[in-house]
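Here's the structure, in structure tokens; my notes come after.
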Amino acid sequence: MKRTTALVLAATTALALALASGSSLAQKRADPAKVLRVMFPIAETGFDPQATSDLYSGHVQRGIFEPLYAYDYLARPYRLVPLTAAALPEISPDGRTWTIRIKPGILFADDPAFKGRKRELTAHDFVYSWKRLLDPRMRSPYLWYLDGKLVGADKVLPKAKEAGKLDYDAEIEGLRALDKHTLQIRLVEPDYVLMGYMAHNAMSAVAREVVEAYGDASGWAMANPVGTGPFRLAEWRRGQKIVLEANPNYREESFPAAGEPGDAALIARMNGRRLPQVGRVEIAIIEESNPQLLAFNSGELDYANVPADLIPNVLDAGNKLKPYYTDQKVAHWRVTQPALAYMYFNMEDPVVGGYTPDRIALRRAIVMGFNVRELIDVWYQGQAIAANQPIPPVVSGHVDKVGGAVGYDPKLAMQLLDRFGYKDRDGDGFREQPDGKPLALVMGSATSGRDRARDELWKKSLARIGIRVDFLVQKWPDLLKMGRAGKLQMWPVGWITQYNEGDAFMQLLYSKNIGQSNYSRFTLPEYDELYRQTKRIPAGPERTALYRKMSELVNAYNPWDLGVWRIENTLVRPWVDGYKKHAFHEHAWKYYDLDPAAQKAVRK
């Protein structure tokens, strides 16, 4: 009896401990009561990482899908660390063979496509996903990540182009899964920038079963994203609302235990918290500036980027928060983005395109005639820096001085136009082309009030030098399609990178990226050769020197108005914990935590 009683007591104690442990574990998991509310100023296009290139779709994808590597959340300078990879790549001495181990036990979120099975991430998933970039049916905007680089691809891709789609079962010698958890890449020539690409959405793993179950005629699976990341898609109303919920299959991961010295208090508060803590992320699409700031002020948003035109409402002349926000203990983060806001010319356009002296002179005059200082002061409210090269100051490869950059000089712009025959022949105040035809400029523009305000600045600046410009107004996703297809003459756009390498910007003018990221359709053999050289050299002074030469060619031919490097200001409510502004990972939701009681108190 004593023995039986002792066994029963031991079993009861063990059960109680197990229940307590289970309860503790449950508390560590994402809490459905913690709902993070954020906004995007531009609508998404879809959630297939190999099919999209817009920033806001990318933010959502980073919560759902995972590449091999990511930037450490807390470390500065920024550094790449393994995410789904077990370690950094093993690279052969000649730089051409890369071997990458995949962490075992990583699971995709549950989905009917898996027929009730738990689905583990394997090296085969990366092989399949990266082949999607090469599939001609996909028309991936990131084809250039791997195009022409993999050994043996030239034996497979011609057949794919002829058939209009790729045979995914056809082996490519340079892209193989050696076993379940070992990926091998063999390159035609060294490409050290590839490391940065491996931290980008487009290189994330998707499951073949999911794409085959939900893919459309192009092979895109835009509405059914299933990844290994911390969140999964719960609701989507296109252009209005996106809701994510925590992925129950997400692996055991805790808040980082190391960072900069100033992170000590943050790390102490977040110590041991399992990621993600937030159970739900609700994203509203709010296109106009005033509603964006009003939503934050009312407590409906937990953090928000301040619209540039409303900076005076939030910051004083010294870029410090006004008392309205400091009294509420709102945190302010201010960084120069790894982004360029530029205006491109379509180099194939019969009016502004071409490489002859008269066309170069026209583009240069337009650049010199546009008052970028006014753009910074009025449109950005001082939250931008005039660019003299494509690579922003926060990105590796930026140099202090670059030759050939032109500044605002309307007088010289008019002299240049006169010299090359762009004159006002009919006396209406606007110039004609050298052959007497109208000088008709049409610039793409989105539908928001912000875009209209920028249009007015362009119109006013160009009128000063005798050039009329009209605007083609479309929804932003439609402009994106038109720009990629070469159907816009001019368009102010932005580019932001997720990897810390000047290649992210210099590739925008590489001729093989026409139809993908090279919206200006710029083609210059000298530039292309320099670009190819940068791939063969590890990061360092030699590669940076090549970027300088490429920047000087951009300044000489003017396929762009270089525009500005943007400064971003973010407001964060005091009930949000775990937040640290990250230049290469905005909306890092898995690291954030909330105090729901404090959140609700303000919203009542």
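The values are calculated or read from the model by the stated rules, or taken from the named source; none is laboratory data. These figures come from a predicted structure and were not determined experimentally. Glycine gets a Cβ as well: all are built from the backbone with ideal geometry, and neighbour counts include every protein chain shown.
Test PRO276 against the stated conditions and say whether it is over 27 Å from PHE65 (Cα atoms), modelled with pLDDT of 95 or more and assigned by TED's automatic domain parsing to the domain that holds ALA43. Here the answer is no, as PRO276 does not meet what is asked. Restricting to the range 330-377, name every residue that is within 26 Å of the chain's Cα centre (by Cα) and of a type in the set (A, V, I, L, M). Selection gives ALA331, VAL335, ALA339, LEU340, ALA341, MET343, MET347, VAL372, LEU375, ILE376. In the range 159-174, the residues that are more than 13 Å from ARG132 (Cα to Cα) form Cβ pairs under 7 Å with partners that are in a helix (DSSP H, G or I), at six or more places apart or across chains, as follows: GLY174/ALA153.
In this structure, ARG566 does not qualify as of a type in the set (D, E, K, R) and under 12 Å from ASP503 (Cα atoms).
Do you know which residues across the range 107-136 are more than 26 Å from VAL193 (Cα to Cα), touching a helix residue (DSSP H, G or I) at 6+ places or on another chain (Cβ under 9 Å) and of a type in the set (Lys, Arg)? Break it down into steps so the answer makes sense when it comes.
Looking only at the range 107-136, we keep the residues that are more than 26 Å from VAL193 (Cα to Cα), and these are 107-120.
After this cut, where a residue has to be touching a helix residue (DSSP H, G or I) at 6+ places or on another chain (Cβ under 9 Å) as well, the list is 108-109, 111-115, 119.
Result: LYS115, ARG119.
If you go through the range 473-494 and pick out every residue that is hydrophobic (A, V, I, L, M, F, W, C) and farther than 22 Å from ALA365 by Cα, you end up with 6. Here the condition is being acidic (Asp, Glu) and touching a Lys or Arg at 6+ places or on another chain (Cβ under 7 Å); of ASP409, ASP424, it holds for ASP424 alone. Of the helices (runs of 4 or more DSSP H) lying entirely inside the range 463-576, those containing at least 1 residues that are surrounded by fewer than 16 Cβ atoms within 10 Å (Cβ to Cβ) and on the phi < 0 side of the Ramachandran plot are 476-484, 525-535, 541-557. Could you please give the count of residues in the range 55-102 that are at positive phi and of a type in the set (A, V, I, L, M)? The qualifying residues number 0.
If we keep just the residues of the range 84-129 that are basic (Lys, Arg) and within 25 Å of ALA170 (Cα to Cα), which is surrounded by the fewest Cβ atoms within 10 Å (Cβ to Cβ)?
My answer is ARG96.
The set of residues from the range 324-360 being over 22 Å from TRP575 (Cβ atoms) and free of Cβ contacts under 8 Å to residues at least 60 places away in the same chain comprises PRO350, GLY354, THR356, ARG359.
Determine which member of the set GLY148, GLY105, GLY116 is at pLDDT below 95, on the phi > 0 side of the Ramachandran plot, outside the structural domain of ALA504 (by TED's automatic domain parsing) and not β-branched (Val, Ile, Thr).
Answer to the check: GLY148.
Every listed requirement among (1) at pLDDT 95 or above; (2) touching a strand residue (DSSP E or B) at 6+ places or on another chain (Cβ under 7 Å); (3) charged (D, E, K, R) is met by ARG29 save one, (1). Every test in (1) assigned by TED's automatic domain parsing to the domain that holds ARG464; (2) under 25 Å from PHE584 (Cβ atoms); (3) charged (D, E, K, R) is passed by ARG363 save one, and that test is (2). Of LEU321, LEU293, LEU301, LEU244, all but one fail to be under 25 Å from ALA598 (Cα atoms), more than 26 Å from the chain's Cα centre (by Cα) and of a type in the set (A, V, I, L, M, F, W, C); the exception is LEU321.
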